[in-house]
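Read-outs throughout are calculated quantities, based only on the coordinates presented, and are distinct from any laboratory measurement. Computed from a predicted structure; not experimentally measured. Every residue, glycine as well, gets a Cβ built from its backbone with ideal geometry; the counts of neighbours run over all protein chains shown.
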């Protein structure tokens, strides 16, 4: 499944896939497959990505338009 907010966050911050791949400790190819919906995101990697961007996992998944993390 493709989650547009994930790609949009990366592009809005002028980051490359390889940079996010390093954050997640995966290869650039694996990150590309995640972003393009070829393979499913793991819960662990979604949490890492949400922490990195300081947004909620719900925002990454498109379940809300509010990027704020509920603490």
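Brief remarks on what is shown
- Helices in the chain, meaning DSSP H runs of at least 4 residues, each add -39500 (n - 2.57). Divided by all residues, the mean residue ellipticity at 222 nm is -15000 deg cm²/dmol.
- Cα-projected label distance for residue 1 with residue 47, points at 7 Å along beta-carbon direction, nm: 1.9
- Relative contact order (%) - criterion: Cα under 8 Å, at least six apart; region: the range 4-60: 33
- Length added when fully stretched, residue 18-residue 39, from 0.36 nm per residue minus Cα-Cα: 5.9 nm
- Restricting the calculation to Cα atoms, the chain yields a radius of gyration followed by a Dmax of 11.1, 33 Å.
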